[in-house]
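Chemist: Dropping a structure here in structure tokens format, bear with me for questions.
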Amino acid sequence: MKVHNVLGNGFQEKIYQKCFAIELERIGLSFARESKQKIFYEGIPVGARRADFIIENDIVVELKATINLEDVHLAQAKNYLVAFDKPIGLLINFGAIRLQFKKVFNSKYC
């Protein structure tokens with residue numbers, strides 16, 4: 001919330017990512033940025049995806065800077081949970097006038 005309160009909306013996603021990382025460091029949370037994960041189809045590698053943040057090696061955070069969150073963004077965040085085999089994630093949109101966020105779950109862990 002602090003990042004959105006300070007910057008407001010209208011910046012590119014990379015700016016929000018850098019500020020988000022600063023705030024995570026300030027509160028002492030461990031995290032990895034732009035973590036890469038291979039995607040497999042029936043054991044065959046078919047590509048790779050990058051999550052914006054993996055926090056405390058447990059939570060996938062996907063940041064957006066769009067006018068509004070859409071179902072495609074939610075689907076992307078859920079797919080990251082499966083690809084990275086993490087139980088929970090957070091989708092945050094800094095592009096709207098008011099900060100938007102959604103908690104997402106990996107059905108494997110529900």
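The values are calculated or read from the model by the stated rules, or taken from the named source; none is laboratory data. Being a predicted model, the structure only gives us computed values, none of them experimental. Cβ coordinates were reconstructed from backbone atoms using ideal geometry, including for glycine residues, and neighbour counts include every protein chain displayed.
Chemist: Just one of the numbered conditions (1) more than 14 Å from the chain's Cα centre (by Cα); (2) in a strand (DSSP E or B); (3) in contact (Cβ under 8 Å) with a residue 40 or more places away in the chain; (4) closer than 23 Å to residue 65 by Cα is not true of residue 3; which one?
Modeler: (2)
Chemist: Look at residue 29 and say whether it is in contact with a strand residue (DSSP E or B) (Cβ under 6 Å, 6 or more places away or on another chain), in a loop (DSSP other than H, G, I, E, B) and farther than 14 Å from residue 104 by Cα.
Modeler: Working: in contact with a strand residue (DSSP E or B) (Cβ under 6 Å, 6 or more places away or on another chain): yes; in a loop (DSSP other than H, G, I, E, B): yes; farther than 14 Å from residue 104 by Cα: yes.
Judged against the criteria, residue 29 is a match.
Chemist: Something else now. Does residue 28 count as of a type outside the set (S, T, N, Q) and within 13 Å of residue 99 (Cβ to Cβ)? Working first, answer last.
Modeler: Numbers: of a type outside the set (S, T, N, Q): yes; within 13 Å of residue 99 (Cβ to Cβ): no.
The answer is no for residue 28.
Chemist: For segment 49-63, indicate whether the set of residues that are farther than 25 Å from residue 12 by Cα and either touching a His at 6+ places or on another chain (Cβ under 6 Å) or of a type outside the set (Asp, Glu) (or both) is non-empty.
Modeler: For segment 49-63, residues farther than 25 Å from residue 12 by Cα and either touching a His at 6+ places or on another chain (Cβ under 6 Å) or of a type outside the set (Asp, Glu) (or both): present.
Chemist: Where residues in segment 75-95 are small (Gly, Ala, Ser) and assigned to a helix (DSSP H, G or I), which of them is surrounded by the most Cβ atoms within 10 Å (Cβ to Cβ)? Explain how you work it out, then say what you get.
Modeler: First, pick out the residues of segment 75-95 that are small (Gly, Ala, Ser): 75, 77, 83, 89, 95.
With the extra rule that they be assigned to a helix (DSSP H, G or I), the set shrinks to 75, 77, 83.
On the way: 75: 11, 77: 23, 83: 18.
By that ranking, first place goes to 77.
Chemist: Among the numbered criteria (1) in a loop (DSSP other than H, G, I, E, B); (2) modelled with pLDDT under 95; (3) not small (Gly, Ala, Ser), which one does residue 38 miss?
Modeler: For residue 38, the exception is condition (1).
Chemist: Could you count how many residues in segment 56-74 are more than 13 Å from the chain's Cα centre (by Cα), among the aliphatic types (A, V, I, L, M) and over 23 Å from residue 85 (Cα atoms)?
Modeler: 1
Chemist: Follow-up. How about segment 46-74: which of its residues are farther than 13 Å from residue 102 by Cβ and surrounded by 21 or more Cβ atoms within 10 Å (Cβ to Cβ)?
Modeler: 51, 52, 53, 54
Chemist: Can you run down the residue pairs with Cβ atoms below 6 Å, 6 or more apart or on separate chains, where the first is in segment 33-46 and more than 13 Å from residue 79 (Cα to Cα) and the partner is assigned to a strand (DSSP E or B) and small (Gly, Ala, Ser)?
Modeler: Taking only residues 6 or more apart or on different chains, the pairs are 35/51; 36/48.
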